[in-house]
1. Taking amide H positions as placed in the peptide plane 1.01 Å from N, state which residues far from MET86 in sequence (5 or more) or on other chains have amide H under 5 Å from it.
2. Using the structure shown, select from LYS3/LYS29; LYS3/LYS118; LYS29/LYS118; LYS64/LYS118 the pairs with a Cα to Cα distance greater than 32 angstrom.
3. Take the eigenvalues of the Cα gyration tensor for the chain, scale each by 5, and report the square roots as semi-axes in whole Å, largest first.
4. Between ASP33 and ILE54, what is the spin-label point distance in nm, taking each point 7 Å from the Cα along the Cα→C-beta axis?
5. Straight-line reach from LYS10: which lysines have a Cα under 16 Å away, not including same-chain ones fewer than 8 places off?
6. Sequence neighbours fewer than 8 away in the same chain don't count; with that in mind, list the aspartates and glutamates whose C-alpha is under 20 Å from LYS116.
Amino acid sequence: MKKSDIAFFKELLLSRKEQVLKNINSTAKEIRDMDISDARDDADFANLNTSNFIGQALSVQQSKELFEIEYALGKIDSGTYGICEMCEEEISIQRLKIKPHAKYCIICREIVEQTKNKRSF
């Protein structure tokens, strides 16, 4: 991969990291700002609990993405960015443009997904 490609993806990852951090902080603030004492009846209380649950689920998902972004940035620093962790071939530029923190090429990703699906049965 060319240095210009690496620079492009590093900037893309850093930009996404910034957005994810904003999302996490915003969700955390919304959860903190929910006041159970404002609930007037069981429906209000249920609505607050549902909103809290959804906010926490989103936060978990965003935290996972943040970890993957940090991991990809580490791979840029170590010179292994864009290399499939399974077959050790280059991950296509098109795939990295869609998912810049991808660990696997398309073929290996399908194998990983199939393996996960077989384990869940």
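1. Counting only residues 5 or more places away or on other chains, the set is CYS105.
2. Values: LYS3/LYS29 39 Å; LYS3/LYS118 39 Å; LYS29/LYS118 39 Å; LYS64/LYS118 23 Å.
Violating the 32 Å Cα-Cα cut-off are LYS3/LYS29; LYS3/LYS118; LYS29/LYS118.
3. Working: eigenvalues 276, 77, 16 Å².
Equivalent ellipsoid of the chain: 37, 20, 9 Å, largest first.
4. The modelled label-to-label distance comes out at 1.6 nm.
5. Within reach: LYS2, LYS75, LYS97, LYS99, LYS103.
6. Correct list for LYS116: GLU65, GLU68, GLU85.
Values quoted throughout were computed directly from the atomic coordinates according to the rules given, and no laboratory measurement underlies them. Quick caveat, the model's predicted, so the values are computed rather than measured. We place every Cβ from the backbone using ideal geometry, glycine too, and count neighbours over all the protein chains shown.
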